[in-house]
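The values are calculated or read from the model by the stated rules, or taken from the named source; none is laboratory data. In this text, all values refer to a predicted model and were calculated from it rather than measured experimentally. Here the Cβ is made from the backbone with ideal geometry for all residues, glycine too, and neighbour counts use every protein chain on show. When the accessible area is computed, the model is the full protein with side chains, heavy atoms only, and any ligands, DNA or RNA have been set aside. Shrake-Rupley method; radii C 1.70, N 1.55, O 1.52, S 1.80 Å.
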Amino acid sequence: MLPRPQVAEALLRARLNGWVPNDNWDEWLISSLLHALDKGRETLGSTITEWRWGHLLHWKFEHPVIKRLPPVEWLFDATYQRNPGPFEMSGSGTTVKQTTETLGPSERMVVDLGDLDRSVQNLVLGESGFVSSSHFEDQWPAYYYGKSFPMQFNHVDGKDVLRVKPQ
């Protein structure tokens, strides 16, 4: 596991003896940079200007139940082909948009406490976890491109009302 960025920064600033070969920080940094460039070329191609973070970090969504039940997976083939991904992602485990291949937010929400009707929210994929539902992945484009939906607290247009009458 790599050290947290703050630890790496502190070591680079202090340049303590015994941390790098021959205590030569400049030589070690240049060697590390050249090694990283070689690995990058090996993984992403020789033209550095065409490197994209999303080629290394991507999401592919798999239904958590169906992927563990291969005997019944064929029942869902017609709809499960909609299984989204892979998608190039931004962010990392140490950024505001905490994203890794196995970690990501379940929703995005911004609440305006001064005016709740200006609050916005969306789920990563959609409202439904059922793969054949039209709402299974209906929010993904908005999530991916950084858009959200209004959370209307005072302007709800309810089509049906559920009244609970305790007895």
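Considering only residues that are in contact with an Asp or Glu (Cβ under 7 Å, 6 or more places away or on another chain) and of a type in the set (Val, Ile, Thr), which ones fall in the stretch 105-129?
Val124 - this is the single residue of the stretch 105-129 that is in contact with an Asp or Glu (Cβ under 7 Å, 6 or more places away or on another chain) and of a type in the set (Val, Ile, Thr).
When the stretch 77-95 is examined, which residues are found to be modelled with pLDDT under 70 and open to solvent by 60 Å² or more (accessible area, probe 1.4 Å)?
To start, the set of residues in the stretch 77-95 that are modelled with pLDDT under 70 comprises 77-83.
Matches in the stretch 77-95: Asp77, Ala78, Gln81, Arg82.
Could you tell me which residue of the stretch 47-71 is modelled with the lowest pLDDT, considering only residues that are outside any helix (DSSP H, G or I) and open to solvent by 90 Å² or more (accessible area, probe 1.4 Å)? Before you say what the answer is, go through the steps one by one.
Filtering the stretch 47-71 for residues outside any helix (DSSP H, G or I) gives 47, 51-52, 56-65, 69.
Applying the additional criterion that residues be open to solvent by 90 Å² or more (accessible area, probe 1.4 Å) yields 52, 60, 62.
On the way: Arg52: 90, Lys60: 82, Glu62: 72.
Among residues in the stretch 47-71 that are outside any helix (DSSP H, G or I) and open to solvent by 90 Å² or more (accessible area, probe 1.4 Å), the one modelled with the lowest pLDDT is Glu62.
What pairs can you find where one residue is in the stretch 18-43 and within 23 Å of Leu56 (Cα to Cα), the other is part of a helix (DSSP H, G or I) and of a type outside the set (A, V, I, L, M), and their Cβ atoms are less than 9 Å apart, with a gap of 6+ or different chains?
Ser31/Pro21; Thr43/His55
Within the stretch 10-27, can you find the residues that are open to solvent by 100 Å² or more (accessible area, probe 1.4 Å), part of a helix (DSSP H, G or I) and not charged (D, E, K, R)? Spell out how you get there, then give the answer.
Narrowing the stretch 10-27 to residues open to solvent by 100 Å² or more (accessible area, probe 1.4 Å): 13, 17, 19, 22, 27.
Narrowing further to those that are part of a helix (DSSP H, G or I): 13, 22, 27.
Result: Asn22, single match.
Suppose we keep only residues that are among the hydroxyl-bearing types (Ser, Thr, Tyr), modelled with pLDDT of 80 or more and exposed (fewer than 14 other Cβ atoms within 10 Å of the Cβ) within the stretch 126-167. Which one would you say is nearest to Met89 (Cα to Cα)? Lay out the reasoning, then the answer.
Within the stretch 126-167, the first condition is being among the hydroxyl-bearing types (Ser, Thr, Tyr), and the residues that meet it are 128, 132-134, 143-145, 148.
Those left that are additionally modelled with pLDDT of 80 or more: 128, 133-134, 143-145, 148.
After this cut, where a residue has to be exposed (fewer than 14 other Cβ atoms within 10 Å of the Cβ) as well, the list is 133-134, 145.
Numbers: Ser133: 25, Ser134: 24, Tyr145: 10 Å.
Applying the filter and picking the extreme gives Tyr145.
What's the number of the only condition in (1) surrounded by 10 or more Cβ atoms within 10 Å (Cβ to Cβ); (2) modelled with pLDDT under 80 that His35 fails to meet?
All conditions pass for His35, except number (2).
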